[in-house]
1. With the requirement that a residue be in contact (Cβ under 8 Å) with a residue 24 or more places away in the chain and open to solvent by 40 Å² or more (accessible area, probe 1.4 Å), what does the range A:245-263 give you?
2. Which count do you get for residues in the range B:475-520 that are hydroxyl-bearing (Ser, Thr, Tyr), under 16 Å from A:ASN130 (Cβ atoms) and part of a loop (DSSP other than H, G, I, E, B)?
3. Name the single residue, out of those in the range A:441-482 being small (Gly, Ala, Ser) and crowded, with 18+ Cβ neighbours inside 10 Å, that is nearest to A:ALA564 (Cα to Cα).
4. Which one of these is open to solvent by less than 20 Å² (accessible area, probe 1.4 Å) and either away from chain B (no Cβ under 14 Å) or touching a Cys at 6+ places or on another chain (Cβ under 8 Å) (or both): A:LEU157, A:LEU94, A:LEU173?
5. Looking at (1) more than 11 Å from chain B (Cβ to nearest Cβ); (2) outside any helix (DSSP H, G or I), which is the one condition that is false for A:ARG456?
6. Among the residues of the range B:397-406, write down those that are over 18 Å from B:ILE146 (Cα atoms) and either more than 14 Å from chain A (Cβ to nearest Cβ) or open to solvent by 30 Å² or more (accessible area, probe 1.4 Å) (or both).
7. For the range B:131-152, which residues satisfy the criterion of being open to solvent by 10 Å² or more (accessible area, probe 1.4 Å), under 12 Å from the mean Cα position of the chain (by Cα) and either more than 10 Å from chain A (Cβ to nearest Cβ) or over 19 Å from B:PHE329 (Cβ atoms) (or both)?
8. Hey, among the residues in the range B:23-50 that are within 17 Å of B:SER151 (Cβ to Cβ) and touching a strand residue (DSSP E or B) at 6+ places or on another chain (Cβ under 9 Å), which one's modelled with the highest pLDDT?
There are 2 protein chains.
Amino acid sequence: MPPFLRRYLPILDWGSRYDRQTLESDALAAVIVTIMLIPQSLAYALLAGLPAEMGLYASILPLVAYAIFGTSRALAVGPVAVVSLMTAAAIGNLGLTEPAAIATAAVTLAFLSGLFLAMMGVLRLGFIANFLSHPVIAGFITASGILIAASQLKHILGVKASGHTLIETLETLFANLGQTNIWTLLIGVSATAFLFWVRKGLKPLLQRRGWSPRSADTAAKAGPVAAVVATTLFAWIFGLDSHGVAVVGDIPSGLPPLSAPSFDLGMWATLMGSAVLISIIGFVESVSVAQTLAAKRRQRIDPDQELVGLGASNIAAAISGGYPVTGGFSRSVVNFDAGAETPAAGAFTAIGITLAALLLTPLLFFLPKATLAATIIVAVLSLVDFSILKQAWTFSKADFFAVLTTILLTLGAGVEVGVSAGVVLSIFLHLYKTSRPHIAEIGLVPGTHHFRNIRRHEVETDPKVLTLRVDESLYFANARFLEDYIYDRVVGDSQLRHVILNFPAVNEVDLSALESLESILHRLKDMGIHLHLSEVKGPVMDRLKRSRFLGEMNGRVFLSQYDAWVALTNSNGTARAAE
Amino acid sequence: MPPFLRRYLPILDWGSRYDRQTLESDALAAVIVTIMLIPQSLAYALLAGLPAEMGLYASILPLVAYAIFGTSRALAVGPVAVVSLMTAAAIGNLGLTEPAAIATAAVTLAFLSGLFLAMMGVLRLGFIANFLSHPVIAGFITASGILIAASQLKHILGVKASGHTLIETLETLFANLGQTNIWTLLIGVSATAFLFWVRKGLKPLLQRRGWSPRSADTAAKAGPVAAVVATTLFAWIFGLDSHGVAVVGDIPSGLPPLSAPSFDLGMWATLMGSAVLISIIGFVESVSVAQTLAAKRRQRIDPDQELVGLGASNIAAAISGGYPVTGGFSRSVVNFDAGAETPAAGAFTAIGITLAALLLTPLLFFLPKATLAATIIVAVLSLVDFSILKQAWTFSKADFFAVLTTILLTLGAGVEVGVSAGVVLSIFLHLYKTSRPHIAEIGLVPGTHHFRNIRRHEVETDPKVLTLRVDESLYFANARFLEDYIYDRVVGDSQLRHVILNFPAVNEVDLSALESLESILHRLKDMGIHLHLSEVKGPVMDRLKRSRFLGEMNGRVFLSQYDAWVALTNSNGTARAAE
């Protein structure tokens, strides 16, 4: 088999060793995930501002595509909360009102996202996701959780509200508070309370009654299904749809339709930025859960192939009436705990959802939207975790500032602004930090060959010789800082004859830094001062040899700082005597 | 005197020691710079698409403002070629046709640029300019030089042409080639040839005739004035303006008018991005020439105060009918060589230009635009230097890629796109490089306490112990790389019991990297492997102590890698025996 086939089609690897026992494990996991996914897929479609069936469609073909192209043995792909919220924001930018146009926009967004992910994977650009710092993601997820929960309150109350920011959402909600529907509120509050109880109270209760922790956990995961069944029956028996309770209504029954993205370049231009953000956020979330789960079984995943897998899933969503998908955190953990051993579990889940789409949709007519909102609220509030702020505050003020900005901008200006600002700010703060590297003036520790910071240790110095240890790679953002530092230190010091730059922590020198070193050299020459280097790393030395710098130097390159000291000072007797 | 006054008003420092001898030096330098600046200021205004007198106005009050607020003793402020080109591009974005509106836009651009520079200076944000890498600037200047020269060809030929990119400019030029005015062409080509000869041939000639190098140089600098006088007389005598030769025409005589920027927020929004780019490019060019000249006399400049000085100059330009200014390279070198000792030389130059504005303007009516174009072409072609490409190619492919992109985009898509792309690409390439740090697996050099890369040296290893030396600070962009690297190495190595991370070159650990270290720790724990650290730097250790990481570790932190080796292996006899 050609190696590229094996690389791009991981199914060929695990599929060739597939046996009956693996099948049984995968099938059991698929049943549990299907039960969890049915209400989730409907609810997240609602959150994305799309018809409920698009949630089901996004949970069929994309799972099959991931099973073929994905590398994680436990990742459960499908609609997830944050990506659904971002989908709503992206489609909102288009200002569409026609349901068919909105559906096409969602399909197009999935297509663009799929193309981008697959392209990144083929070009092995997975490292781009690393430019999102962990604290920024944590802040973004927390703020998104709050935004999502706030956006669902309208369904709990049965009023109209909208907005991409927390303030807009709450303002429109309060303005319409008078129209609250009492039946909707009853269902919404009961379902929310029940689901919180299932999450916090049911599991311990079952365990006290002798259930094993694992079966108690599985039972708790079925809580949303119980809420769906109970409230649907309630709404049907009392005919609550005629009392103003919003229900899911007609869901077309049958297999996912064939769909095609729009090829309108204007729409592509508007959606492309959002598709990139959705892809990166989705990938980062997905790859981190996949890595965590893989490590537990000493397996590994290939992040670049994961991009191909998620790209294929999104393209599959785009041709089968779905919307952007990614690997879900809680769902993947359930899949893993339930014993999924290969990506085939995802394909079996797709069969489960297909059966639901074929057979269950008529039964969901009376499902109150308030119940779906309750399942979303309970799910996303577990994402909200402000401890990142405290952790960042104690660990690093720069990280704290980035997280706080991300949270405030996500809540105050929407998901796209929030996460973009977080990325830009993280990069900026990193450049800022490395643009002012630590530079220490060092001297000889008496009786040794070691050199230490003259401000912190009692060391020997020589007024003719200045040694500076640079604690950072030199590149364009800090090259000029080094220049300024040296001029500040050297100007007015009339005794000085030698400057030694001590480079053991300099891992790289780029062309800007080389030009700065040349400027430093020429200016020191003008002042009659010799410039020397010591302890230059191999790769840095290789580079310098390809430039004119070494030829122009009026000083020497010393292998060790001690050699430089001995050569340039007359006071070398001290250290020698101590040997 | 309060220290902030001394900081923000460098004039108080040098002004208090000003004497007759300094005055004489400054005045002589001012005369030479004035002679050079009169044709330059008119020509650059033409390049910026503005009336000629705005060039003169930009050379009066801005120079006085810099004399008060600037720190360089030799910088000559005023209109410069690249900033004039960028001004033309910025104003072009507004799509104005009315001359008064164009003049207001130029004044507003100077005002915004001045505000931005002054604000950066007061907030001490001069380091932002460092994010422009040297090779990107070099590429940008070279490409701008070509663009400027191309844009002036129309004046040499006497045809109409326009465009912000090289292709647009040349296309419109060729389309109108049929309308070439023979008299204009004669003047333009003769002036260009004369100025090239002055630059290359006159100075050696004069030296051969016994002139001192310095006077020969000064005479050569007066070349443009000679060309202006000769071609103006020629145009006047033969009445060439009625033969289709474009002349400068009426320049209002008198002091600069009081002007006010527009406060239209729409215009601010459109111009702000351009103002930021103009400010940063202008500052970078200015500060580097100021630093070079200051170093020659063992003086120093304060880059943050330079921002204040250039900010004040641009605000002065905005209130006196000028347009964006900065420190010019060749003019500053002339000023320095002519003996300028303090910023007062700039103020004296301003007096010279004022006299020109009062007395000379009627004489400039017949000055052919082709002559001004010739002075621009000869001046900017000295900026064009493709050697940066060769230098970058041998030194670093990443830098080469950044320079090439900057040059191609500047020529093909205009100055603003070109320089922005250069900045973004430099930052991206830096992040990319540091996102894949060098990680070496190290072992003990027999008979010593030193550890070296196992791939490059004969060293002792232990199948139970893996030691990795990380040659880069750990931060969000490379945190996941370290995770992946460790998992790849560890998965499948069933003998492994200990992983030691050797941190002597890790200057920083941010919160993302901390989380990665925690993930690594938990996954290694799951695999039954102990994680240890060795040779952690003080500031990094301080940070780790503020987190839970050290408490959760299942291994130890060793002061030296040798201590770790002795503690974790049984084969410590070798090294000990060698002592």
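1. Answer for the range A:245-263, where residues must be in contact (Cβ under 8 Å) with a residue 24 or more places away in the chain and open to solvent by 40 Å² or more (accessible area, probe 1.4 Å): A:ALA246, A:ASP250, A:PRO252, A:SER253, A:LEU255, A:PRO257, A:LEU258, A:ALA260.
2. Selection size over the range B:475-520: 1.
3. A:GLY443
4. Within the list A:LEU157, A:LEU94, A:LEU173, the selection yields A:LEU173.
5. Here A:ARG456 meets the rest and fails (1).
6. Listed by number, the residues that qualify are B:LYS397, B:PHE400, B:PHE401.
7. B:PHE131, B:ILE141 - these are the residues of the range B:131-152 that are open to solvent by 10 Å² or more (accessible area, probe 1.4 Å), under 12 Å from the mean Cα position of the chain (by Cα) and either more than 10 Å from chain A (Cβ to nearest Cβ) or over 19 Å from B:PHE329 (Cβ atoms) (or both).
8. If we take residues in the range B:23-50 being within 17 Å of B:SER151 (Cβ to Cβ) and touching a strand residue (DSSP E or B) at 6+ places or on another chain (Cβ under 9 Å), then B:TYR44 is modelled with the highest pLDDT.
The values are calculated or read from the model by the stated rules, or taken from the named source; none is laboratory data. Nothing here was measured: the structure is a model prediction, and the numbers come from that model. In this analysis, Cβ positions are derived from the backbone assuming ideal geometry, glycine residues included, and neighbour counts consider all displayed protein chains. These accessible areas exclude ligands, DNA and RNA; they are computed on the full protein's heavy atoms, side chains included. Shrake-Rupley method; radii C 1.70, N 1.55, O 1.52, S 1.80 Å.
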